[in-house]
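The structure appears right after this line, and notes come after that.
What follows draws every value from the coordinates through simple rules; no lab data is involved. The shown structure was predicted, so the numbers you read here are calculated from the model rather than taken from an experiment. A quick note on method: Cβ atoms are made from the backbone with ideal geometry, for glycine too, and the neighbour counts reach across all protein chains shown.
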Amino acid sequence: MRRRLQTGPAERPAGRFDRIVLSEFPLVLAPPDLAAPVQRVGDAIEPGGDLVPMHWLGVTDYPTSGDEAAEDFIVQATPFAGLLDQSGTAAYRLDVPRAGAAA
């Protein structure tokens, strides 16, 4: 397992991965600004790999809410990943699209 903390969606380590955890980054981007980072994630995930976007659902001053950010990410990832699982509480949301899975 390799872990890396990144400060923004433009950063990404070289290589391909079987799991990519995305905490909050879709939340801080407006939907049009999300397309390029989502494509970079799609280029970096191995077939059968899991994407794990996590979003806080509280009030923010970001361009989108946690639910909107999660839905935007899932829709934009549809060309390369299908939704495998979802869970959460009143405070957070966690989705698991799988690369190569039927959308």
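Once both axes come from the Cα atoms, what is the angle between helix 66-77 and the longest principal axis of the chain, in degrees from 0 to 90, rounded to 10?
Taking the Cα atoms of the chain, the angle to 66-77 is about 30 degrees.
Per residue of segment 23-30, in order, report the coupling 6.51 cos²θ - 1.76 cosθ + 1.60 (Karplus, θ = phi - 60°) as ³J(HN,Hα) in whole Hz, putting x for Gly and Pro.
9, 6, 4, x, 5, 8, 10, 6
Search the structure for amide H atoms under 5 Å from the amide H of ILE45, placed 1.01 Å from N in the peptide plane, and list their residues when 5 or more places away or on another chain.
Distant-sequence amide H within range of ILE45: PHE17.
For the pair ASP67 and SER23, how long in nm is the line joining their label points, each one 7 Å along Cα→Cβ?
Result: 2.4 nm between the two label points.
List every residue whose amide H lies under 5 Å from the amide H of MET54, counting only residues 5 or more places away in sequence or on a different chain, with H placed 1.01 Å from N in the peptide plane.
For MET54, the qualifying residues are LEU22, SER23, GLU24.
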